[in-house]
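Down below is the structure, laid out as structure tokens.
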């Protein structure tokens, strides 16, 4: 009996055609038919092509039904919506500005009101942008009867849409791209009475009479405004006029803006000055597909609460896409322990620290999620600089190019290592992994060795004596008590002379002058203390009158047995002043000395605008 079973294995066009051909060949009617060049062969091609297309679209359709495999933005958003996740919208950058008015207060005028959406302009890379006040401000007169105060301004163009609420028209899809969802406000007018509705962030606290609106992701990267049904949130009366106001923004384009000009008057006053306290930060693009795919299930795990450190990290990263990394630790893990607080350190995508405005915004956002007895506290990221000196040996019989080419390849590897492994809170420097990457830089490299130092950078107060604490969190080199000069510093001016810091090998920090013969004259032998085991340096009553360059650098030799550097809490590792030396393995001669490597820690300014003696680095 002929085999009449149709084989369904194989999804490629050729496999489908072959299976269909074998099936037809079992039929007596088609036993002598040429399936290659005949008309039946063309029909067979068409049938195989149709089957192939159907299988392809069936596979794609199934993929789009799951968050893990969906490729279309609308599909990913739809899957995320099912577990209560709304993709983060684009956000305009915010700046903190000090406004000082020229008018003087009198007995009747004791405050000035700055209206919401008061406009300012700025220019970034030759393009003009609009900033507005996201809320109204009241500036009260000070003790001298002057008006001065800090206000936040946010990038974006204010817009308003109105529609009549009805059974057939119960929601509004905001038609503009780059809508800043955080800026949305809704007012419902019924019989001349205007009622503001607030955004519902947690459905567990929304009752039947709550005046709330909901924001959902809609198709084509847009957002939709809707209302309750009388059970979960109040439903506006049919015929009511709904006014939806919001801002469209330029996302990350205005990050870094620091010069602003008012458009017209402020608080009905034309005599005023502006000073930018915090440059514009926090601008970000709409959340991309992969971020939604990653964040949605993890946000579902947190269930709208911040209890563990990972909860805080996930919520902050979810709501602040302009941040590259977040590290969170409880007060019990702080040094010294401070109970009742949770400490947060963040690193933005652009720059190294965030401004006061963005910190306050994140704190305000966290109040909706954290336990009431726990208070969030921001700690700026601190940077520990690693200065590696690398000696690479190469085999001259296998080299392609020159010793300079090897040095250049190693330099690229070092810069890549910093960018991809370090430069974040969990970025660990592993000496063996670092040298492995160096050895793989060029096929002619037969081995490499490494020595390194660690350093901290700070800007001292030159107007008064101050104390500073430097937390290296790494063991210093002390092969035996009395081993000197594990600690050193860059040049500064002390009592009118060029001076430096060193240690005596017994935990005492000293200030000295360098004599022409290389000897050292100590000005003071009690400038601070050094804890070689924990890597803590305390500089006490330090009073330089000037210093060389942009800051003073404190450098320490790490223990030779501890070349693995692990960041702790708010610490981030960067490479600075790295050098490469290339050595011919046959002759033993160095052919390249001190080849400089440009890294972020060397080329970028990562200092905060100012420091105080209470800051721990």
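The values are calculated or read from the model by the stated rules, or taken from the named source; none is laboratory data. Bear in mind that the values here come from a model prediction, so they are computed numbers and not experimental data. Cβ placement follows ideal geometry from the backbone for every residue including glycine, while neighbour counts extend to all protein chains displayed.
Values as computed for the structure displayed
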quantity	calculated
Condition broken by residue 261, with the remaining ones in (1) touching a strand residue (DSSP E or B) at 6+ places or on another chain (Cβ under 6 Å); (2) not assigned by TED's automatic domain parsing to the domain that holds residue 104 satisfied	(2)
In the range 322-348, residue surrounded by the most Cβ atoms within 10 Å (Cβ to Cβ) [restricted to those that are out of contact with any helix residue (DSSP H, G or I) (no Cβ under 8 Å at 6 or more places or on another chain) and either in the same structural domain as residue 601 (by TED's automatic domain parsing) or assigned to a loop (DSSP other than H, G, I, E, B) (or both)]	334
Residue tally, condition free of Cβ contacts under 8 Å to residues at least 40 places away in the same chain and either surrounded by fewer than 14 Cβ atoms within 10 Å (Cβ to Cβ) or out of contact with any helix residue (DSSP H, G or I) (no Cβ under 8 Å at 6 or more places or on another chain) (or both), over the range 7-29	15
Segments classed as strands (runs of 3 or more DSSP E), wholly inside the range 135-192, with at least 2 members that are under 18 Å from residue 254 (Cβ atoms) and in contact with a strand residue (DSSP E or B) (Cβ under 8 Å, 6 or more places away or on another chain)	146-155, 157-164, 179-190
Matching entry among 466, 489 (being assigned by TED's automatic domain parsing to the domain that holds residue 560, modelled with pLDDT under 90, in contact with a strand residue (DSSP E or B) (Cβ under 7 Å, 6 or more places away or on another chain) and farther than 30 Å from residue 406 by Cα)	466
Subset tally (residues that are assigned to a strand (DSSP E or B) and under 26 Å from residue 479 (Cβ atoms)) for the range 508-520	7
Hits in the range 118-134 - residues which are loosely packed, with under 14 Cβ neighbours inside 10 Å and assigned to a loop (DSSP other than H, G, I, E, B)	125, 126
Number of the exception - residue 372 against (1) at pLDDT below 85; (2) assigned by TED's automatic domain parsing to the domain that holds residue 575; (3) closer than 30 Å to residue 180 by Cα	(2)
Members of the range 246-287 that are assigned to a loop (DSSP other than H, G, I, E, B) and under 15 Å from the mean Cα position of the chain (by Cα)	255, 256, 282, 283, 285, 286, 287
Unmet requirement for residue 272, which otherwise passes all of (1) more than 30 Å from residue 66 (Cα to Cα); (2) touching a helix residue (DSSP H, G or I) at 6+ places or on another chain (Cβ under 6 Å); (3) surrounded by fewer than 20 Cβ atoms within 10 Å (Cβ to Cβ)	(2)
Members of the range 532-570 found to be crowded, with 20+ Cβ neighbours inside 10 Å and farther than 18 Å from residue 452 by Cα, listed by number	537, 539, 542, 547, 552, 570
The one condition in (1) modelled with pLDDT of 85 or more; (2) assigned to a strand (DSSP E or B) that residue 377 fails to fulfil	(1)
Complete set of residues in the range 46-70 that are surrounded by 11 or more Cβ atoms within 10 Å (Cβ to Cβ) and outside any helix (DSSP H, G or I)	64, 65, 66, 67, 69, 70
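Rundown of residues vs (1) over 26 Å from residue 118 (Cα atoms); (2) surrounded by 14 or more Cβ atoms within 10 Å (Cβ to Cβ), yes/no style:
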{"position": "159", "(1), (2)": "no, yes"}
{"position": "193", "(1), (2)": "no, no"}
{"position": "198", "(1), (2)": "no, no"}
{"position": "240", "(1), (2)": "yes, yes"}
